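Comments concern the structure below.
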Amino acid sequence: MPYMPLLRAEEGSEAEAEARRALEEGMRAVDAFLCEYADGDGPFFFGESFSLAEEACAPFALRLMRVLPALRPQHDPASMLEALGLARLATWLDAVVQRPSVTSTAPPASDMVAASKLLLERMKGAAK
């Protein structure tokens, strides 16, 4: 689910609209994958068991759910998931980002946001 192009695009631009469409398409694809292949007896891919699948995705899920709404509130992933009716992905993301082993090892949300702002500034400067 590519969210970085959404952060890199100028607000109100066609690039932003295209990045939003790409993120929504990615969300739909992941939701469909989870609906088809994940165990339905719990929030994680293997039901109630937090697995390597979630462990590998947790840093990206955290940044999607914390950084994107902080920097571009109009593109809040939770609101997007609800509007698109992607309940399985919403449940999975919520379970991953709230898992104690994830929250206890992740940097504070404010640090993630600050680091992302700095990265975006550097990327913008390098593009000149």
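The values are calculated or read from the model by the stated rules, or taken from the named source; none is laboratory data. Just so you know, these numbers come straight off a predicted model, no measurement behind them. All Cβ positions, glycine included, derive from the backbone under ideal geometry; neighbour counts span all protein chains shown. What goes into the accessible areas is simple: the full protein's heavy atoms, side chains included, and nothing from ligands, DNA or RNA. Shrake-Rupley method; radii C 1.70, N 1.55, O 1.52, S 1.80 Å.
Some values worked out for this structure:
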{"read-out": "Condition met for R122 (over 16 Å from the mean Cα position of the chain (by Cα) and of a type outside the set (S, T, N, Q))", "value": "yes"}
{"read-out": "Which numbered condition V67 misses (of (1) closer than 17 Å to E11 by Cα; (2) of a type in the set (V, I, T); (3) exposed (fewer than 12 other Cβ atoms within 10 Å of the Cβ))", "value": "(3)"}
{"read-out": "Cβ-Cβ under 6 Å pairs, at least 6 apart or on other chains, the range 26-39 side over 19 Å from L64 (Cα atoms), far side open to solvent by 20 Å² or more (accessible area, probe 1.4 Å)", "value": "C35/R88; A38/F45; D39/F46"}
{"read-out": "Residue among R72, R63 that is closer than 19 Å to S116 by Cα, among the charged types (D, E, K, R) and touching a Leu at 6+ places or on another chain (Cβ under 8 Å)", "value": "R72"}
{"read-out": "Options R88, R66: the member that is of a type in the set (D, E, K, R) and under 16 Å from M4 (Cβ atoms)", "value": "R66"}
{"read-out": "Residue under evaluation L7, criteria (1) free of Cβ contacts under 8 Å to residues at least 40 places away in the same chain; (2) surrounded by 14 or more Cβ atoms within 10 Å (Cβ to Cβ); (3) of a type outside the set (F, W, Y); (4) under 22 Å from M123 (Cβ atoms), criterion not met", "value": "(1)"}
{"read-out": "Pairs with Cβ under 9 Å, 6+ apart, first in the range 97-117 and open to solvent by 50 Å² or more (accessible area, probe 1.4 Å), second outside any helix (DSSP H, G or I)", "value": "R99/F44; R99/F50; S101/F50; A115/P107"}
{"read-out": "Qualifying residues in the range 37-55 (those that are loosely packed, with under 15 Cβ neighbours inside 10 Å and within 13 Å of S101 (Cβ to Cβ)) - the one nearest to the chain's Cα centre (by Cα)", "value": "E55"}
{"read-out": "D94 in a helix (DSSP H, G or I), among the charged types (D, E, K, R), open to solvent by 50 Å² or more (accessible area, probe 1.4 Å) and modelled with pLDDT of 95 or more", "value": "yes"}
{"read-out": "Failed condition for C35, given (1) touching a Lys or Arg at 6+ places or on another chain (Cβ under 6 Å); (2) modelled with pLDDT under 95; (3) of a type in the set (A, V, I, L, M, F, W, C)", "value": "(2)"}
